[in-house]
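Reviewing the structure listed below.
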Amino acid sequence: MICYYYPPLTDVGCKRSVAFSKYLKRYGRNPYVLSVKNPDTTYCSLGTDAPPPGIPAEYSQSLVNPYKLFGKINGFLSRLLKLLAIDLKRNYFYEFFCIPDFFWGWIPLTTINGLKIINKYDIDIIYVSCTPYSSAIIGLLLKSITKKPLVIDFRDQLGLEISWFNKTMNSNLKFRRRLDRWFVNSVLKRTDIFIVTSDEIRELYIEQYSHVRGKIFTVHNGFDHDFLPQKGTTSKYSKFTIIYTGDFYSYFLDSLIFFEGMYLLKKKGKVNENNFQFLFYGDGKNEINQIASRYGIEELVVASSRIPYEGVLNEISKSHLQLLRIVKPMISTKVFEGIPLNVPFLATIPKGEVENMIKEYSSSSYVITEESGHKVAEAILDVMEKYNNRDIHDNQVNKFLHNYSRENLTLKLMRIIDKNLR
């Protein structure tokens, strides 16, 4: 298992690989993990977590982490060009030299160390978790050398033509988009199994790379039921509380209808700092405070930095409603946390797979697919009244975990491997 994101890193990208390795071991497989020794902490959060008990993990050195280097070079060049009245709009060093991403310094030594592990432990299958996409190159090199079957797991999307996504990400360099498509096509042709994390993403890959449709499978992200709180151990906040954790996706989503809804409720005298609060935990707390100030609702908003995962789950459990924003076609991990923790959603999302999941498993949730602050305000008022009247229905937690527990999703991955790599 080649997993850049793995303990002691604590990023959300670690959780999928940690769960796969843990449950593969539990069900009779013998995973060996190869991760990074000196991660780029610009992108990664380094903590004190350890691999699951019984999982051997080795760590490989990255020869260079180019993000800071090219950032400094670009900053120096930008200052020089400003003297000539030239404003550099983007970092072309990233576009031209960080292919397929910023992590290519991890490729050489990890390939060598991966080859040693394969030979030492007589490895049968190579599994690669992406991002970073540079890891896929390691997998392709090891497959080419050892002839072992290769499973590549894309936790995010790359090489898909989605017009609004490319525009939002400022991916306007045609050569780079063509290069990404060539890279993904090369990966798809050479891997034996290609895993994605939503059915909508799978459909897009099949549509745009139809010649390899038979090797593309969905294994959703999920929730590890080991993190479920004991019943009766968590009580709700005394104030009606809506929570949001993690990335607010402001660089993708410009919708602020949630804040508009809070403003309308405050204006009508329906909510105040004594009976209502919006809790935010994430890296964008300053931005959230600025938005709250713009709408004049500062006293309703409590924005804090990220907290450890167990603390996040505890805060969600104590809240009455979880705000959900997604970048379609991806599925936020918040979906897989909120439903098992039995907290309904206020989901301001487009129609599609996530909408259907929420409607199936969380009947007391509110899904708003139109751009309307008034709809948000109406939903908040309605759910506050239902809580007062004890009219909130439990989520279908057991049914959800049957389909989306990380343990059962690992079993699904094992079935896909067994069926296609006999």
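What number of residues within the stretch 373-390 are in contact (Cβ under 8 Å) with a residue 24 or more places away in the chain and either out of contact with any Gly (no Cβ under 9 Å at 6 or more places or on another chain) or exposed (fewer than 15 other Cβ atoms within 10 Å of the Cβ) (or both)?
Count: 5.
Of all helices (runs of 4 or more DSSP H) completely enclosed by the stretch 272-374, which ones contain at least 3 residues that are closer than 14 Å to residue 262 by Cα?
Details: elements: 285-295, 309-318, 333-338, 353-361.
It comes to 285-295.
Taking residue 193 as meeting all but one of (1) surrounded by 16 or more Cβ atoms within 10 Å (Cβ to Cβ); (2) over 23 Å from the mean Cα position of the chain (by Cα), write down the number of the exception.
The single condition residue 193 does not satisfy is (2).
Restricting attention to the stretch 1-29, which residues are assigned to a helix (DSSP H, G or I) and crowded, with 20+ Cβ neighbours inside 10 Å?
Looking only at the stretch 1-29, we keep the residues that are assigned to a helix (DSSP H, G or I), and these are 13-26.
Result: 13, 14, 15, 16, 17, 18, 19, 20, 21, 22, 23, 24.
It is to be established whether one or more residues within the stretch 191-204 are among the β-branched types (Val, Ile, Thr), closer than 30 Å to residue 309 by Cα and assigned to a helix (DSSP H, G or I). Explain how you work it out, then say what you get.
Step one: filter the stretch 191-204 for residues among the β-branched types (Val, Ile, Thr), giving 191, 193, 195-197, 201.
Now restrict to residues that are closer than 30 Å to residue 309 by Cα: 195-197, 201.
In the following step, the residues that additionally are assigned to a helix (DSSP H, G or I) were identified as 201.
Taking every residue of the stretch 191-204 in turn, at least one turns out to be among the β-branched types (Val, Ile, Thr), closer than 30 Å to residue 309 by Cα and assigned to a helix (DSSP H, G or I).
Is it true that some residue in the stretch 58-72 is hydrophobic (A, V, I, L, M, F, W, C), modelled with pLDDT under 70 and part of a helix (DSSP H, G or I)?
So the first thing to find is which residues in the stretch 58-72 are hydrophobic (A, V, I, L, M, F, W, C), and the list is 63-64, 69-70.
Now narrow it down to the ones that are modelled with pLDDT under 70: 70.
From what is left, the residues that are part of a helix (DSSP H, G or I) are 70.
For the stretch 58-72, residues hydrophobic (A, V, I, L, M, F, W, C), modelled with pLDDT under 70 and part of a helix (DSSP H, G or I): present.
Tell me, yes or no, whether the stretch 232-242 has at least one residue that is over 21 Å from residue 384 (Cβ atoms), out of contact with any Leu (no Cβ under 8 Å at 6 or more places or on another chain) and not aromatic (Phe, Trp, Tyr).
Yes: one or more hits.
Considering each of 55, 2 in turn, give the residue that is assigned by TED's automatic domain parsing to the domain that holds residue 113, within 22 Å of residue 149 (Cβ to Cβ) and among the β-branched types (Val, Ile, Thr). Outline the logic, then answer.
Numbers: 2 fails: assigned by TED's automatic domain parsing to the domain that holds residue 113.
Only one candidate qualifies: 55.
So which of 321, 256, 300 is in the same structural domain as residue 391 (by TED's automatic domain parsing) and in contact with a Pro (Cβ under 7 Å, 6 or more places away or on another chain)?
321
The values are calculated or read from the model by the stated rules, or taken from the named source; none is laboratory data. Just so you know, these numbers come straight off a predicted model, no measurement behind them. As a convention, Cβ positions derive from the backbone with ideal geometry for all residues, glycine included, and neighbour counts pool all protein chains shown.
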